[in-house]
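Take a look at the structure below.
The values are calculated or read from the model by the stated rules, or taken from the named source; none is laboratory data. On a predicted model such as this, the values are computed, not experimentally measured, just so you know. Positions of Cβ are backbone-derived with ideal geometry, glycine not excepted, and every protein chain shown enters the neighbour counts.
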Ligand code: SF4
Ligand code: SF4
């Protein structure tokens with residue numbers, strides 16, 4: 001499991017740094033960087049916290065294929081997961097946050 005940070009999209013807001021439970025992310029020259037991707041356990045907190053969708057989570061092969069990237073758009077009532085497949089195609093999954101804690 002791992003994430004990647006697109007430095008061209010990052011605005012250095014620090015939101016991802018604040019939410020990482022492992023304190024793995026740092027700001028460097030106003031841009032987020034992960035200290036060591038091998039320490040990331042894929043909780044996706046930083047992916048959801050980034051308002052710029054600068055952080056992508058790589059899905060393992062058994063979850064959609066190597067090279068597939070997962071982005072999140074966390075809004076007040078919905079959480080939209082966007083999958084970007086290696087062939088360029090995309091798929092979105094919208095979760096209604098008002099209904100997501102009942103299980
Ligand atoms: S996915 Fe979770 S553990 Fe990995 S860098 Fe992001 S917040 Fe930290
Ligand atoms: S939350 Fe996104 S824009 Fe903000 S520092 Fe992290 S990667 Fe950059």
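Only one of the numbered conditions (1) more than 14 Å from ligand 1 (Cβ to nearest atom); (2) over 15 Å from the mean Cα position of the chain (by Cα) is not met by residue 67, and that is (2). Among the residues of the stretch 30-47, not one is more than 13 Å from residue 57 (Cβ to Cβ) and within 12 Å of the chain's Cα centre (by Cα). Residues of the stretch 1-28 that are near ligand 2 (Cβ under 6 Å from one of its atoms) and more than 24 Å from residue 67 (Cβ to Cβ): 11, 12, 13, 14, 15. Looking across the stretch 31-46 at every residue that is more than 10 Å from ligand 1 (Cβ to nearest atom) and at pLDDT 95 or above, the one that is farthest from residue 69 (Cα to Cα) is identified as 31.
Just to check your reading of the model, which residue among 26, 47 is under 30 Å from residue 87 (Cβ atoms) and either in contact with a strand residue (DSSP E or B) (Cβ under 6 Å, 6 or more places away or on another chain) or not in a helix (DSSP H, G or I) (or both)? One residue alone meets the criteria, 47.
Of the residues in the stretch 29-40, how many are in a strand (DSSP E or B) and more than 12 Å from ligand 2 (Cβ to nearest atom)? Residues flagged as in a strand (DSSP E or B) and more than 12 Å from ligand 2 (Cβ to nearest atom) within the stretch 29-40 amount to 0. For residue 67, the test of being without any contact (Cβ under 8 Å) to a residue 40 or more places away in the chain, more than 20 Å from residue 97 (Cα to Cα) and within 15 Å of ligand 2 (Cβ to nearest atom) is failed.
For residue 17, the criteria (1) surrounded by fewer than 17 Cβ atoms within 10 Å (Cβ to Cβ); (2) in contact with a strand residue (DSSP E or B) (Cβ under 8 Å, 6 or more places away or on another chain); (3) at pLDDT 95 or above hold in every case but one, which is (1).
Quick check: is even one residue across the stretch 7-19 assigned to a strand (DSSP E or B), under 10 Å from the mean Cα position of the chain (by Cα) and within 11 Å of ligand 1 (Cβ to nearest atom)? No, that holds for no residue.
From the list 27, 79, 59, the one residue that fits, being under 14 Å from the mean Cα position of the chain (by Cα), away from ligand 1 (no atom under 13 Å from the Cβ) and surrounded by 13 or more Cβ atoms within 10 Å (Cβ to Cβ), is 79.
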